[in-house]
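We did not get these values from a lab; they are worked out from the coordinates using the rules stated. It should be emphasised that the depicted structure is a prediction, and the values quoted were computed from it without experimental measurement. Heads up, the Cβs are rebuilt from the backbone with ideal geometry, glycines too, and the neighbour counts pull from every protein chain shown.
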Amino acid sequence: MLKRFFSYYKPYKKLFMLDFTCAIIAAGLELAFPIVVNRVIDEILPQENWRLIVVACLSLLFLYVVNTLLQYVVVYFGHMLGVNIETDMRRELFGHLESQSFEYFDESKTGKLISRLTTDLFEISEVAHHGPEDVFITIMTIIGSFILMMRIHVQLALATFIMVPFITLALVFFNKKMTKINTEIYHRLGEFNAGIEASVSGIRVVQAFANEAFEEKRFEGLNQGYRKIKLAFYKMMAVSSSYNYLLIRFISLFALIFGSYYVLRGDITTGQFVGFILLSNVFVRPIEKVNTMIESYPKGIAGFKRLTEELDRKPSIKDHAGAVALRPVRGDIAYQGVSFAYADGTEVLNNVSLTIKAGETVAFVGPSGAGKTTLTNLVPRFYEITGGQLTIDGQDIRDVTLHSLRSQIGMVQQDVFLFPGTIKENVAYGRLDATDEEIEEAVRLAHLEKVIDQMPEGIETMIGERGVKLSGGQKQRVAIARMFLKNPPILILDEATSALDTETEQVIQESLFSLSEGRTTLIIAHRLATIKYATRIVVISEEGIEEEGTHDELMALDGAYKSLYDAQFS
């Protein structure tokens with residue numbers, strides 16, 4: 001894991017070397033200050049030469065100024081290094097999430113995913129900045145100051161050093177404990193964020209059912225769970241901090257007691273004693289930093305572990321080795337013994353065979369849960385078939401790249417999703433390089449002009465999160481305009497007009513009918529009046545394809561389709 005962590009430093013070698021070098025020089029100067037003070041007291045002060053004393057102090061001032069500049073470089077550019085690495089990790093994680101299949105998101109909570117993209121990476125940034133230099137400087141400072149202390153007096157240095165092994169053991173013990181607790185904190189935080197996201201997103205449902213008290217109670221449970229694990233972390237941190245504080249104070253106390261003893265014996269001079277005390281403070285400073293390391297490093301380590309666990313989760317649907325770009329298609333689609341089951345073994349489709357010719361408009365009807373949406377979602381490989389073969393123009397869709405496949409398929413889904421922004425931005429999402437004229441044409445085809453004319457800022461009107469400022473029918477028309485703009489050879493309409501009133505539905509149906517001419521169109525519908533003129537209607541049940549034919553043919557069969565039709569129009 002350490003090797004993998006340091007791989008993120010590769011693009012920023014120069015920045016790392018600048019930060020690391022300045023940190024080492026700054027630490028070295030810290031070691032030099034006590035030696036200079038020692039010389040001033042023992043060698044310059046007895047000469048009673050004021051000018052020499054001033055020169056020595058000015059030299060110290062110069063070193064302080066240099067160290068100040070070095071500290072600026074370490075703090076600013078070091079954090080820049082950490083932020084750059086955090087940004088790279090976040091970019092990699094976001095790209096990884098985008099590559100996951102629908103099934104992955106079916107089983108994941110949005111709040112947890114957001115937590116991994118944000119909170120988990122905050123502490124990793126600090127570790128990326130401080131980690132290498134803190135460890136190296138701590139070791140260098142302890143060893144360097146100890147050597148200098150040994151040069152002053154061996155026994156005194158050993159008496160001061162005797163507490164270090166106990167502090168090292170504490171570091172290892174508490175770091176392990178706190179990493180474990182932090183992993184649990186991140187898990188609880190993910191649950192916490194997921195709970196908040198669900199409650200806030202569903203606030204209209206909450207208020208409609210007057211369930212505010214229930215949501216407050218559920219939130220309180222999440223809140224208290226997160227509070228308890230945080231308190232467990234801070235309790236462990238308090239024990240660690242107190243333990244280290246006592247041992248560090250022992251180091252200072254031992255330096256004072258034994259140093260005074262050796263001065264009275266005449267083994268060391270007053271200047272050496274003062275220099276030794278200053279060196280002991282330098283010696284203690286990195287050890288005191290251990291407390292900070294114990295607090296932040298476990299958070300970073302736990303966050304990085306969660307990051308690597310997520311990145312190591314391979315997408316269930318990806319381009320196969322040797323996948324080629326799908327050429328512009330006519331739109332022949334063939335299901336050949338296709339089966340599909342979820343990862344938990346729940347079977348949705350079993351050995352379904354169906355041929356759809358280019359330019360056909362095929363409607364799928366049947367009871368909810370029969371697999372109509374799943375059947376169409378297999379075409380753009382939102383889900384991967386578990387048996388059989390699915391081809392477009394005779395080419396297995398698993399042998400072509402996902403981008404080339406999905407770029408030739410347009411979808412208007414039952415659950416319309418609009419991004420925060422303007423109407424224009426949401427329509428333009430259908431083809432990001434579209435001109436204003438092309439966007440206006442798509443708006444016209446979707447009969448969206450009247451909606452736009454009523455808006456305060458026209459097509460530039462902000463529609464809020466998920467298009468909350470638009471009605472259901474208006475959102476549906478924006479989604480349809482987006483699909484018109486994409487203008488693909490294969491269309492999938494999943495209850496595309498379900499949110500429209502009867503009059504508007506008829507107008508949109510006419511537009512969709514003209515758009516579907518010469519294109520392969522798959523329609524999922526519960527309102528059977530909207531599909532009477534489809535080239536073919538396929539009745540799906542839990543057993544698979546039960547019937548298929550035109551509206552008139554299926555009505556004449558007096559079977560499943562006629563039963564559905566009669567039930568709807570009786």
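So what does the Cα-only Debye profile of segment 333-569 read at q = 0.09, 0.12 Å⁻¹, as log10 I(q)/I(0), no solvent term?
These q points yield log10 I(q)/I(0) values of -0.40, -0.70.
Assuming R0 = 35 Å, can you tell me the calculated FRET efficiency for the pair residue 541 and residue 227, based on Cβ-Cβ distance, to the nearest 0.05?
After rounding, the FRET efficiency stands at 0.10.
Taking amide hydrogens as modeled 1.01 Å from N in the peptide plane, which residues meet the under 5 Å criterion relative to residue 411, leaving out close sequence neighbours?
492
Considering all projection directions equally, how large on average is the shadow of the alpha-carbon convex hull of segment 90-242, in square nanometres? Can you show the working numbers first?
Working: hull surface 50.7 nm².
For the Cα atoms of segment 90-242, the hull's average projected area reads 12.7 nm².
What is the distance, in nm, between label points placed 7 Å from the Cα along the Cα-to-Cβ direction at residue 384 and at residue 342?
It is 1.8 nm.
For the chain, what mean projected area does the convex hull of the alpha carbons give, in nm²? Before the final figure, lay out each step's value.
Details: hull surface 146.3 nm².
That works out to 36.6 nm², a quarter of the Cα hull's surface.
Would you mind checking which residues have amide H under 5 Å from residue 548's amide H? H placed 1.01 Å from N; only 5 or more apart, or other chain.
539
Mean separation of Cα pairs under 8 Å and 6+ residues apart, divided by the residue count of the chain: what relative contact order is that in percent? Write out the running numbers ahead of the final one.
Numbers: 773 pairs, mean separation 81.0, N = 570.
Value for the chain: 14 percent.
Which cross-chain or sequence-distant (5 or more) residues have an amide H under 5 Å from the amide H of residue 520, H modelled 1.01 Å from N in plane?
Those lying under 5 Å, H to H, from residue 520 are 359, 491.
Can you work out ³J(HN,Hα) from phi for every residue in segment 69-85, in order, using Karplus 6.51 cos²θ - 1.76 cosθ + 1.60 and θ = phi - 60°, giving whole Hz and x for Gly and Pro?
Running phi through 6.51 cos²θ - 1.76 cosθ + 1.60 with θ = phi - 60° gives 5, 5, 5, 4, 4, 5, 5, 6, 6, x, 5, 4, 4, x, 5, 4, 5 Hz.
First obtain the Kirkwood hydrodynamic radius of segment 334-448 from its Cα pairs, then insert it into the Stokes-Einstein equation at 25 °C and 0.890 mPa s, and state the resulting D in µm² per second as a whole number. Spell out each step's value before the answer.
Numbers: Rh = 16.5 Å.
Diffusion coefficient, whole number: 148 µm²/s.
Would you work out the relative contact order for segment 13-311, in percent, from Cα pairs under 8 angstrom that are 6 or more residues apart?
Answer for segment 13-311 is 32 percent.
Output the 0 to 90 degree angle, nearest 10, between the alpha-carbon long axis of helix 164-201 and the longest principal axis computed from the alpha carbons of the chain.
That works out to roughly 30 degrees.
What percent do you get for the relative contact order of segment 389-501 when only Cα pairs under 8 Å and 6+ apart count?
Details: 149 pairs, mean separation 47.7, N = 113.
Value for segment 389-501: 42 percent.
By how many degrees, between 0 and 90 and to the nearest 10, does the Cα long axis of helix 13-39 differ from the longest principal axis of the chain?
20 degrees
Report ³J(HN,Hα) in whole Hz for each residue of segment 50-55, in order, from the Karplus equation J = 6.51 cos²θ - 1.76 cosθ + 1.60 where θ = phi - 60°; Gly and Pro get x.
3J(HN,Hα) across segment 50-55, in whole Hz: 4, 4, 5, 5, 5, 4.
Taking a temperature of 10 °C and a viscosity of 1.306 mPa s, what whole-number D in µm²/s does Stokes-Einstein yield for segment 13-311 with Rh from Kirkwood over alpha carbon pairs?
70 µm²/s
On a 31 Å Cα-Cα criterion, which of the cross-link pairs 176/318; 10/299; 112/176; 486/532; 318/486 come out too long?
176/318
Segment 67-111: which GluC sites (Glu not before Pro) are DSSP loop and have at most 14 other beta-carbon atoms within 10 angstrom?
Filter output for segment 67-111: 107.
For the chain, what is the mean residue ellipticity at 222 nm derived from helices alone (per DSSP H run of n ≥ 4: -39500 (n - 2.57); sum divided by total residues; nearest 500 deg cm²/dmol)?
Calculated at 222 nm, the ellipticity per residue is -21000 deg cm²/dmol.
Just the number, please: percent antiparallel of the DSSP beta bridges in the chain, rounded to the nearest 5. Working shown, then result.
On the way: 19 of 37 bridges.
Roughly 50 percent of the beta bridges in the chain run antiparallel, per DSSP.
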